[in-house]
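The structure appears right after this line, and notes come after that.
Every read-out reported here was derived from the displayed coordinates using simple, explicitly stated rules and does not represent laboratory data. This is a predicted model, so every value here is computed, not measured. Backbone-built Cβ (ideal geometry, glycine too); neighbour counts: all protein chains shown.
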Amino acid sequence: MDKSVIKEHFDSIAGKFDRYQRRHRYYHYAISRLCRILIPRGERVLEIGCATGDLLNQVEPAEGIGLDLSPNMIEVAREKYPGLKFAVGDAEDPPLEQHFDYIIMSNLLDYLPDIWLAMENARKMLDEDGKLVITTINPVWEPIFRLGQKLHLRTPDTVRNFVTNQDIVNLLELHDFVILKEGLQVFIPFYIPLLSPVINFLVQELPGLRQLCIMQYIVAKPKRARQPWSCSVIVPCYNEGSNIQDCLRRIPRMGSFTEVIVVDDGSSDDTAALVKAELNPAVTIKLISYQPNRGKGHAVRVGFDEAAGDVLMILDADMAVMPEELPRFLQLMEDGVADFVNGTRVIYPMESKSMPVLNYFGNKCFSIILSWIMRQRVSDTLCGTKAIFRKDYKKIRLRDASWGDFDLLFGAARLCLKMRELPVHYKVRKAGESKMKAFRHGWILLRVCFKGFAELRLGKING
C-alpha cells in the first residue's frame, strides 16, 4: 500500500467528501453516537484521520486536534470548525508531542500502510489512563463494497486493508494495551423508517448474527505500571450507633495513607457522637454529619466529594462485609488490574439470614438487567463495597439518592473503566436492621436502569 496513493485519493475527493457523508449519514451517525457514548464531553481528544472534522466536533472536546494525511481535507476542516485545531499528519509520523485523554482512529486502519507503527505512536501520545477508540469496516462486507463501488453507490475508494477485531486486538496487546471493550454494530447501514433501528438493535445482540454487522469497534488503554495509591474509605451510615465504633477500629491502614470519612446521614441515634479519632490511630478519621436523612447515595456523594485519596472505597457500617477485606480492593488498583472494583457476595456461601430471600431474588434480577445493559457480567449489583479512582468518580454523576450503586456501575461502563469483581464474605449484620426495602427501592433502581439503558445503548447523554 503506497501512502502517496492514499493521499492523492483523499485529496481528490475532499471537495465532495461532505456530500458523500450526507448520502450515508445513517452509518456515520452510528459512529458518532458510539463515540459520544464512549468519550465524555470536555476531554483532550486527538483524531487521526479526521477528514473534514465532523466526528471530532461531535464529541465536544475541551481541546480537539485533528490530523489527516490530506491537505485538502484539513483545509475544509479548518473552515468548518475554527474552534478546533487541524494539521496535516498521519498515524505513522504524527507531528505532535503532547498527550491526550482519547485518541480516535475511525476507519483509519483500513488505509494504513503500517498499523504496527500507528499503535506504537498512539501509545506514546496517550495519557497514563488515556483511551484509544478504533472503528473499522468488517471484512465480511468487502464483496458488497466492491459491488457498490462499481454501481457508484458508495464513496469513491482506493486500495484498503481489511482487518478483523481479532487482528487489531492482537496488535494492541503486542503493544501492551489492555482491551476494555469490543464489538460490532450496524447490520443495515442505511435508514429505513422503524425497520433499521429495530433490526440493528436486535442483530447486535444475537451471537453469530452480530458477526455480520458492518462496524467493528474496540476501546483500549495502555497497561498501567504498578504504583502505590492513597486511599479514602467512605462509611455512609444511618442509625448505626451499635456498629460504628467496631467498624472504625477494624479498618486497616492501606496504601501511602488512609483516611476514613464517616458520613452520618441524618441519624436519630448517637452514631455521630460515637465517631472518635482515637478509635483507630493507624488511619485518619473524619466525620460529616447533617440532617435530615437523604439516602445512602447522597451520603456516598458527600463523602466522595470531601475525599483526598487517590482511590475511593465504600464500606457499609454494618460490617456485613468485613473491613479486613478492603486491602484486596486496593491491591487490584495498585497492580493496574482494575480501574473499578465491585464486591460480589454471591461466590462464597452467605451466613444464614444475611440477605432476605426477596432481596436476593431482586439482586439476581438486577444483575441480569445490568449485565445486559453494560455488556459486562455483574454478578452482584448492590454489594456496598466498591472501589474507584477519584479522578474517574469526578466524571460520574450520582443521581440516585437512595443507593448510588447503579450510577457508579453505569458510570464505570460509560467511561470504559476496567472493572473487576472481587468475592467477599457476607455476614449477618452485628446489630440494627437493613435499610434496603425490596419493593420501594426496587422501583427506584428500575428507573435508574432505564436511564442507564438510554445512555449506554441509545446514546441519549444529558449533561
### Query
Each label point is 7 Å from the Cα along the Cα-to-Cβ direction; what then is the distance between the points at V88 and A62, in nm?
3.2 nm
### Query
Arranged from highest to lowest average of other beta-carbon atoms within 10 Å per residue, in what order do the peptides 202-213, 261-272 appear?
261-272, 202-213
### Query
So how long is each side of the range 231-456 along the principal axes, counting just the alpha-carbon atoms, biggest first, in Å?
46, 37, 34
## Note on the structure
Computed over all unlike Cα pairs, the Kirkwood hydrodynamic radius of the range 330-400 in Å stands at 13.9 Å
### Message
Report the Cα centroid-to-centroid distance between the range 10-56 and the range 285-355 in angstrom, as an integer.
### Response
40 Å
### Message
Give me P(r) over the chain, computed from all C-alpha to C-alpha distances, binned every 20 Å, as integer percentages.
### Response
23, 49, 24, 4
### Message
Suppose R0 equals 41 Å. What FRET efficiency, 1/(1 + (r/R0)^6) with r the Cβ-Cβ distance, do N170 and Y348 give to the nearest 0.05?
### Response
0.70
### Query
Taking Cα centroids, how far is the range 171-226 from the range 404-427 in Å?
22 Å
### Task
Take peptides 276-288, 53-65 and line them up by average Cβ neighbours within 10 Å, highest first, as a rough protection proxy.
53-65, 276-288
### Summary
Given 70-78, 122-130, the highest-first ranking by average Cβ count within 10 Å works out to 70-78, 122-130
### Message
Explain nothing, just compute: Karplus ³J(HN,Hα) = 6.51 cos²θ - 1.76 cosθ + 1.60, θ = phi - 60°, for every residue of the range 93-110 in order, whole Hz, x for Gly and Pro.
### Response
8, x, x, 9, 10, 7, 10, 10, 6, 9, 10, 9, 10, 9, 6, 9, 4, 4
### Relative intensity, log₁₀ I(q)/I(0), of the range 225-332 from a Debye sum that treats every alpha carbon as a point, q = 0.19 Å⁻¹
-0.89
### Message
Can you pull out the trypsin sites (Lys or Arg not before Pro) in the range 1-55 whose DSSP state is coil and whose Cβ has at most 16 other Cβ atoms within 10 Å?
### Response
R41
## Note on the structure
Residue-normalised 222 nm signal for the chain, counting each DSSP H run of n ≥ 4 as -39,500 (n - 2.57), nearest 500 deg cm²/dmol, is -10500 deg cm²/dmol
### Message
I need to check one value: relative contact order of the range 174-214, counting alpha carbon pairs closer than 8 Å and at least 6 residues apart, in percent.
### Response
45 percent
### Task
Can you give me the P(r) profile for the range 3-222? Cα pairs, bins 10 angstrom wide beginning at 0, each as a whole percent.
8, 34, 40, 17, 1
### Query
What net charge do the residues around D18 carry, taking every other residue with its C-beta under 12 Å from that of D18, with Lys and Arg at +1 and Asp and Glu at -1?
+4
### Query
For the range 231-456, what relative contact order do you get, as a whole percent, if you take Cα pairs closer than 8 Å and at least 6 residues apart?
24 percent
#### Entry: Efficiency of FRET between D305 and H24 - r from beta-carbon atoms, R0 35 angstrom, step 0.05
0.20
